[in-house]
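Trainee: Questions regarding the structure given below will be posed in turn.
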Amino acid sequence: MKVQITVTDNQGNTYLGEIELTSPDTSSTGKHLPKKGHVSPTAMQTKSIDFTLGVRAFLKRHIPGKASGHQKFVILLAWIAKGDTSKTVDYDTVVQQWNKVKGLTGGEFNPAYTTRAKEANWVDTPKMGAYKLQRDWKAAFGK
């Protein structure tokens, strides 16, 4: 049986590979379990965060399945700030962009998302109504 494995490193790079699995029950197959699985180098790919994408394509690519509202907020904020942790983005800009992509974000913007993102140390508020990405912002991508 072949399985596909996806691994993501701390820099947000995703690596894909395939491995052949065999049954540990060697009595029925006569085969021995391999000591190491083989990962095809051609199957390896890196999927980095691409800020040149439009907002909809960016969100479709990077919002993980079953993402929380504060994860979606940080991913959208990352797109607006282009991953720049020194850039400040105001609340109105985030809400305006969120309203353009409600279908992807799951509905109306909830201001509680900002608080939860701050609690996760993904964003900071240097002043009221303004947000900056923190060093750990990529964790919102599920990476």
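Trainee: Can you confirm whether Thr114 is touching a residue at least 12 places away in the same chain (Cβ under 8 Å), assigned to a helix (DSSP H, G or I) and among the hydroxyl-bearing types (Ser, Thr, Tyr)?
Mentor: Answer is yes for this residue.
Trainee: Quick one: is Lys66 assigned to a loop (DSSP other than H, G, I, E, B), open to solvent by 30 Å² or more (accessible area, probe 1.4 Å), within 21 Å of Val7 (Cα to Cα) and of a type in the set (Lys, Arg)?
Mentor: It is true that Lys66 is assigned to a loop (DSSP other than H, G, I, E, B), open to solvent by 30 Å² or more (accessible area, probe 1.4 Å), within 21 Å of Val7 (Cα to Cα) and of a type in the set (Lys, Arg).
Trainee: Same structure, new question: Out of all the residues in region 90-110, is one or more open to solvent by less than 30 Å² (accessible area, probe 1.4 Å), assigned to a helix (DSSP H, G or I), at pLDDT below 95 and not aliphatic (A, V, I, L, M)?
Mentor: Among the residues of region 90-110, at least one is open to solvent by less than 30 Å² (accessible area, probe 1.4 Å), assigned to a helix (DSSP H, G or I), at pLDDT below 95 and not aliphatic (A, V, I, L, M), which makes the answer yes.
Trainee: For residues in region 72-83 being open to solvent by 20 Å² or more (accessible area, probe 1.4 Å) and not in a loop (DSSP other than H, G, I, E, B), which is nearest to Met128 (Cα to Cα)?
Mentor: The selected residue is Ile80.
Trainee: Which condition does Ser86 not pass, out of (1) open to solvent by 70 Å² or more (accessible area, probe 1.4 Å); (2) in contact with a helix residue (DSSP H, G or I) (Cβ under 7 Å, 6 or more places away or on another chain); (3) of a type in the set (Ser, Thr, Tyr), if it passes all the others?
Mentor: Single failed check for Ser86: (2).
Trainee: For residues that are in contact (Cβ under 8 Å) with a residue 24 or more places away in the chain and open to solvent by less than 60 Å² (accessible area, probe 1.4 Å), scanning just region 117-131, find the one that is farthest from the chain's Cα centre (by Cα).
Mentor: My answer is Gly129.
Trainee: Scan region 51-66 for residues that are of a type outside the set (Phe, Trp, Tyr) and modelled with pLDDT of 90 or more and jot them down.
Mentor: Residues satisfying the conditions are Thr52, Leu53, Gly54, Val55, Arg56, Ala57, Leu59, Lys60, Arg61, His62, Ile63.
The values are calculated or read from the model by the stated rules, or taken from the named source; none is laboratory data. Small disclaimer: the values here were computed from a predicted structure and weren't measured. Counting neighbours? That spans all protein chains shown, and the Cβs are built from the backbone with ideal geometry, glycine included. With ligands, DNA and RNA removed, areas are computed over all heavy atoms of the protein, side chains included. Shrake-Rupley method; radii C 1.70, N 1.55, O 1.52, S 1.80 Å.
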